[in-house]
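What follows is a single structure, written as structure tokens, with notes after it.
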Amino acid sequence: MKKKSILIMWLFGVIFAIFGMSCAVNASIPNKTNRFFVNDFANVLSEETENYIVNNSAALDEKTTAQVVVTTVESLDGREIEDYANSIFLMWVIGNKYSNNGLLILLAPNERKVRIEVGRGLEGKINDSKAGRIIRNYGNPHFSDNKWNEGIMGMYNAVLSEVYSEYGMEVPSEVKEIILKNEEDDWVYGVFLMAAIIIFVGVFAIPIFRKRKDRKGIIGDDNYSDTWYGGFGSGSSGSDFGGGSFFSGGGGDSGGGGASSSF
């Protein structure tokens, strides 16, 4: 009888310990605001941006039951953004409980991190790769300059367009206009960058190459070293693709997918 009592007490102790750890982990998660669809705890969004998100997310919820929530936080309290986003997703019960069609955009400006957390019901349309592209194309170019409203609006509209597409519904005209404007800006930037590269090659790279080629002919092949030229090529390649390591897939306990990034 005594052994049985000890076993029961031990089991209760384990249960209370697990419950206590769960409460401690979630203690840093703020309660959702009464606006639900936008929760600007870091105080970086304008009233216009907040109203836009609330109005469009409420309309989306009414038409499809899908819920897109935007949240900013002052601090992640030392936790990984994936874990923090997953806790918010579960505590706030984002999305329809039958369809699990919620999506969370989480921004931590002080830690300079952002994540898209996707419920399983939307993962087919917004998979890990697409979530990463949305962050890279619409969020990070603005976040790197501390333009929080522009980055959030770009990501939000891109996500909103994908969700409407998932349900075979027409994307609202104002959302289309903003997305097209972002794409036009990206196109102009791309053209400008390409022109700058062409000018650089024409003004600097080709003359240097010709000069080195002439020098090579004078000195002789056996004594000529091309280390600098090769180093230039490999260094450029490394800087282009290194940024991708910031991204990681997986939706954690939300059961969906997602992507994260530092900026």
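The values are calculated or read from the model by the stated rules, or taken from the named source; none is laboratory data. This is a predicted model, so every value here is computed, not measured. Here the Cβ positions follow ideal geometry from the backbone for every residue, glycine too, while neighbour counts run over all protein chains shown. Just the protein is used for accessible areas: all its heavy atoms, side chains included, with ligands, DNA and RNA removed. Shrake-Rupley method; radii C 1.70, N 1.55, O 1.52, S 1.80 Å.
For the condition open to solvent by 30 Å² or more (accessible area, probe 1.4 Å) and at pLDDT 95 or above, what is the one hit in Ser57, Ser22, Ser46, Ser28?
Residue meeting the stated conditions: Ser46.
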| request: For the stretch 64-73, state whether one or more residues are open to solvent by 20 Å² or more (accessible area, probe 1.4 Å) and assigned to a strand (DSSP E or B). | output: yes
| remark: From the option list Gly151, Gly119, single residue qualifying as over 17 Å from Phe41 (Cβ atoms) and modelled with pLDDT of 95 or more is Gly119
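Among the residues of the stretch 123-140, count how many are assigned to a helix (DSSP H, G or I), open to solvent by 60 Å² or more (accessible area, probe 1.4 Å) and touching a residue at least 12 places away in the same chain (Cβ under 8 Å).
Of the residues in that region, 3 qualify.
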| Residues of the stretch 74-84 being touching a residue at least 12 places away in the same chain (Cβ under 8 Å) and assigned to a loop (DSSP other than H, G, I, E, B), which ones? | Glu74, Ser75, Leu76, Asp77, Arg79
